[in-house]
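Visitor: This structure is in structure tokens; I'll ask about it shortly.
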Amino acid sequence: MPTPLRQFVLKVHGRCNLDCTYCYLYRGRDDGWRDRPARVGARVMEHTAARVAEHVAAHGLDHIRVELHGGEPLLAGPAPVREYVRAVRRAVPEGCRITATVQTNGTRLTERGLRQLTEDGIRVGLSLDGGRAAHNARRVDHAGRPAWPAALAAARRLAAHPQAYAGILCTVDLAADPLDVYHSLLELAPPRLDLLLPHANWGNPPPGLVGGPPGRHRPVATPYGDWLATVFDAWWDAGRLRTRVRLFQEIVALLLGAPSRAEAVGLSPVAAVVVETDGAIEQVDSLRTAYRGAAETGLDVFRHSFDTALRHPGIAARQSGERALGEECRACPVGRVCGGGNYVHRYAPGPRFDHPSVYCADLERLIRHVARRLEGTVRVAM
């Protein structure tokens, strides 16, 4: 049976004030964003809220996550973000708790705007490449000016308002020293860090890795696994003072036999969906790195329910757990922990998503490293 959706990614603005040199959305293979309105309108908000409420009531959900995204969701200020969240809260049945978060590059987050978001119980997540100017050199605006000064001001503002601070999202950059990135991010006092592998696949491999035929190749270099293992040791050795790092927490939990709660690892069904500025219901944006239209479902909030979206083959595949994995992954000794990695990282031109991750060796390197650190402390399950 399909798993009900609990994470609703709602696009507030379809454009961005930055022109990051590595952006997979605006510099990637899928330029469908050009055909959509720049801003979400009131009609889309109200229909989306009604569809979310319908889904909550149909499945008796007691908690959902509403994540406001872009582009840059604060390009038009905090008002549209607040309006969207209010619309969902008005519509959703009593007894369902809503966690609302806006994910921003920080350049438009003012003190007044943060106060307004906080009034509506909306927490703020910040996207950075590290805690120093050098780490964020690729994050520039359309005139080539650095985004770092404004982003740093936003980070400091959030650190002074911890009740509004959701955390920092950071994509791994092999050119940056892992410990310098990690410790510099901790200096910004985030309650949580998300360390993400760059969105890539077998047809478009990430920096530092060679493409070629998909498969579980060994021996092979593991630069991303090495980078993350270095940060894991610093995190693990901090003991009770650890800041939450979701990837590490997920791997530890999976090694201890708990289910996963994130798409990056594990076999738990994905329960997330995207609503675009025009009301289109889509799969996660990362699928756009595979090919044009990969995230599309042909559905929208005006004509279709989220239960209809659950029956879409792409969403069903991402809820299929081990059945969505290829033979190599099902036979892998760390497969139940790795879970094949992020779904989009398994893509190879064809199109097929049943290959090992392009980060296969890196994930195994990290998982085995974490398991070794746990040995002698607890019994791990692999």
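The values are calculated or read from the model by the stated rules, or taken from the named source; none is laboratory data. Note that the coordinates shown come from a computational prediction; the quantities given were computed from them, not determined experimentally. When we count neighbours, we look across all protein chains shown, and the Cβ atoms used for this are built from the backbone with ideal geometry, even at glycine. Just the protein is used for accessible areas: all its heavy atoms, side chains included, with ligands, DNA and RNA removed. Shrake-Rupley method; radii C 1.70, N 1.55, O 1.52, S 1.80 Å.
Visitor: Average the reciprocal distances over every distinct pair of alpha-carbons in region 46-131, invert the result, and give the Kirkwood radius in Å.
Guide: Answer for region 46-131: a Kirkwood hydrodynamic radius of 13.6 Å.
Visitor: Still on this structure, please answer the following. Over the Cα atoms of region 1-109, each weighted equally, I'd like the Debye log10 I(q)/I(0) at q = 0.14 Å⁻¹, rounded to two decimals.
Guide: Computed log10 I(q)/I(0) values: -0.60.
Visitor: Taking the Cα centroid of region 56-112 and of region 322-382, what is the distance between the two, rounded to the nearest whole Å?
Guide: 33 Å
Visitor: Let me ask something else about it. Explain nothing, just the number: dipole magnitude of the chain about its Cα centre with +1 on each Lys and Arg Cβ and -1 on each Asp and Glu Cβ, in debye rounded to the nearest 20.
Guide: 380 debye
Visitor: Additional query: Starting from the Cα gyration tensor of region 242-382, take the square roots of the eigenvalues, sort them a ≥ b ≥ c, and report rounded, prolate or oblate (rounded when a/c is under 1.5, otherwise prolate if a/b is larger than b/c, else oblate).
Guide: Prolate is the answer for region 242-382, as a/c is 1.5 or above and a/b outweighs b/c.
Visitor: Here's a follow-up. Under 5 Å between amide hydrogens, which residues at least 5 positions from Leu169 or on another chain qualify, with H placed 1.01 Å from N in the peptide plane?
Guide: The answer is Leu126, Ser127, Leu128, Asp194.
Visitor: What full-extension length gain, to one decimal in nm, is calculated for Thr243 and Leu174 as 0.36 nm per residue of separation minus the Cα-Cα distance?
Guide: Answer, rounded to one decimal: 22.6 nm.
Visitor: Also, I was wondering about something else. Compute the distribution of all C-alpha to C-alpha distances in region 85-236, in bins of 10 Å from 0, and list the percent of pairs in each, rounded to whole numbers.
Guide: Pairs per bin, as whole percents: 10, 32, 29, 19, 9, 1.
Visitor: Comparing Gln103, Gln249, Gln283, which has the greatest mean-square fluctuation in the GNM of the chain with Cα pairs linked when under 10 Å apart?
Guide: Comparing Gln103, Gln249, Gln283 in a Gaussian network model of the chain, the most mobile one is Gln249.
Visitor: Let me ask another. Once the Cα atoms of region 190-285 are picked out, what are the Rg and Dmax in Å?
Guide: Values for region 190-285 (Cα only, Rg and Dmax): 16.4, 47 Å.
Visitor: When you count, for each residue, the other Cβ atoms within 10 Å and take the mean per peptide, how do 346-356, 296-306 rank with the highest first?
Guide: The densest-packed peptide leads the list: 346-356, 296-306.
Visitor: Could you tell me the center-to-center distance, by alpha carbons, between region 210-278 and region 147-162 in angstrom?
Guide: Between the Cα centre of region 210-278 and that of region 147-162, the gap is 26 Å.
Visitor: Spelling out what I want: for every residue of region 200-217, take phi, set θ = phi - 60°, compute 6.51 cos²θ - 1.76 cosθ + 1.60 (Karplus), and round to whole Hz; glycine and proline get x.
Guide: After applying 6.51 cos²θ - 1.76 cosθ + 1.60, I find 7, 7, 5, x, 9, x, x, x, x, 10, 9, x, x, x, x, x, 8, 7 Hz.
Visitor: How much of the DSSP beta bridge set in the chain is antiparallel, as a percent to the nearest 5?
Guide: 25 percent
Visitor: Between rounded, prolate and oblate, where does region 128-201 land on the alpha carbon gyration tensor, with a ≥ b ≥ c its root eigenvalues, rounded for a/c under 1.5, else prolate if a/b exceeds b/c?
Guide: Note, shape of region 128-201 comes out oblate.
Visitor: Once you have a ≥ b ≥ c as the square roots of the Cα gyration tensor eigenvalues for region 95-138, tell me rounded if a/c is under 1.5, and otherwise prolate or oblate according to whether a/b is larger than b/c.
Guide: The shape class here is oblate.
Visitor: Further question on the same structure: Considering the Cα trace of region 283-327, what is its radius of gyration and what is Dmax, both in angstroms?
Guide: Taking only Cα atoms of region 283-327, I get Rg and Dmax of 11.8, 40 Å.
Visitor: Quick one: what does P(r) look like for region 277-360 with 10 Å bins over all Cα pairs, in whole %?
Guide: Over region 277-360, the share of Cα pairs per 10 Å bin runs 17, 45, 27, 10, 1 percent.
Visitor: State the volume of the convex hull built on the alpha-carbon positions of region 119-168, expressed per residue in Å³ and rounded to an integer.
Guide: Hull volume over Cα atoms, normalised by residue count, gives 82 Å³.
Visitor: Points 7 angstrom from Cα along the Cβ direction at Ala258 and His217: gap in nanometres?
Guide: 3.6 nm
Visitor: Further, regarding this structure: Mind checking the per residue accessible area of the chain for me, 1.4 Å probe, whole number of Å²?
Guide: 43 Å²
Visitor: At 1.4 Å probe size, with the rest of the protein present, what percent of the exposed accessible area of the chain is carbon and sulfur atoms?
Guide: 51 percent
Visitor: Related question: Need one value: the accessible area of Trp33 in square angstrom, 1.4 angstrom probe, rounded to the nearest 10.
Guide: Accessible surface of Trp33 is approximately 40 Å².
Visitor: Averaging over all projection directions, find the projected area of the Cα convex hull of region 1-52 and quote it in nm² with one decimal place.
Guide: 5.5 nm²
Visitor: Continuing with the same structure: Per residue, what volume in Å³ does the Cα convex hull of the chain take up?
Guide: Hull volume normalised by residue count: 137 Å³.
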